[in-house]
Amino acid sequence: MLSRPDILNASLLIVDDQEANVHLLEAMLRGAGYTRVTSTQNPYDVCELYRKNRYDLILLDLQMPGMDGFQVLEGLKKIETDGYLPVLVVTAQPDHKLRALQAGAKDFISKPFDLTEVQTRIHNMLEVRLLYKQIENHNKVLEQTVEARTAELRESEARFRRLTELSSDWYWEQDETGHFTKVYGVVLDMLGIEVDDLLSEPGETQAAHWNKDERAMLVEYIAARRPFLDFVYRRHNPDGSQQYFMISGEPMFDSSGRFTGYRGVGKDVTGSIRTAS
């Protein structure tokens, strides 16, 4: 929420070629408590002043020699291409009001000035402008937070993957239907293992490769959605040799307790088993 000091500390620029009008508006604004009021009688300076200071509100006279307020608006729109253009136009011509709004101005005040109306319109427009800036800043902070959290998650995932690679030969995840959704580990290619052959239901060709009893026990664990740790089973290769694999896995559930699949790690332990025997 905005406080009164927030509004009174907003930055304002008065643009009018008539010195008397500038003095009148300055006196009115300072008398109302506004602390950051500047002015220029040269419309050619407005765009550069706005580029440097990004005023919260510009009080812009439309009738000025050399460069009128509509031309100033066009220049400001080139600076504020995607943002909020905080311009309150000042005019004595009724037909200029709609044209100014179509050109990008947010509101208007009429000459001769009604000081109560001027103060009310300025206050209301500043309130909208500052709330817009709050939302803009909040979105930037939110975007930065998301970027930081995403970077942290990526770093955490990279560490996790590295630890997994150091402690196992591959990491795997399955969905609730038993299909693999994530598998990584370069050792899979080295070992000649088909990803879909690791824990899925074996076909006729696959059944000849794996120890049927051990494979059935592993499938039973998964069907019952039970975790398993360091489960060892064998694969018979066409050359008559055997490979031993150690698999660990755990079921995954979402926040409502629904089963969503399995995840785990695997390792070729053929060498250690041969050494032990």
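Some observations on this one:
- Given +1 at the Cβ of Lys and Arg, -1 at the Cβ of Asp and Glu and no other charges, the dipole of the stretch 44-122 around its Cα centre is 120 debye to the nearest 20.
- Dividing the mean sequence gap of close Cα pairs (under 8 Å, 6+ apart) by how many residues the chain holds gives a relative contact order of 11 percent.
- When only the Cβ of Lys, Arg, Asp and Glu is charged (+1, +1, -1, -1), the dipole of the chain relative to its Cα centre reaches about 560 debye.
- Computed about the Cα centre, the dipole magnitude for the stretch 4-141 is approximately 440 debye when only Lys and Arg (+1) and Asp and Glu (-1) carry charge, each at its Cβ.
- The chain - Debye-derived log10 I(q)/I(0), Cα point model, q = 0.08, 0.09 Å⁻¹: -0.57, -0.59
- Restricting attention to the chain, close to 60% of DSSP beta bridges with both partner residues there are antiparallel.
- Fewest neighbouring Cβ atoms within 10 Å first, the residues ILE222, ILE135 line up as ILE135, ILE222.
- Cα pair distances of the stretch 1-98 binned at 5 Å [whole percent]: 2, 13, 24, 24, 20, 12, 4, 1, 0
- Most to least packed among 39-48, 252-261, 238-247 [average Cβ atoms within 10 Å]: 39-48, 238-247, 252-261
Computed from the coordinates by the stated procedures, all read-outs in this text should not be read as laboratory data. Everything quoted here is computed from the prediction, not taken from an experiment. Glycine gets a Cβ as well: all are built from the backbone with ideal geometry, and neighbour counts include every protein chain shown.
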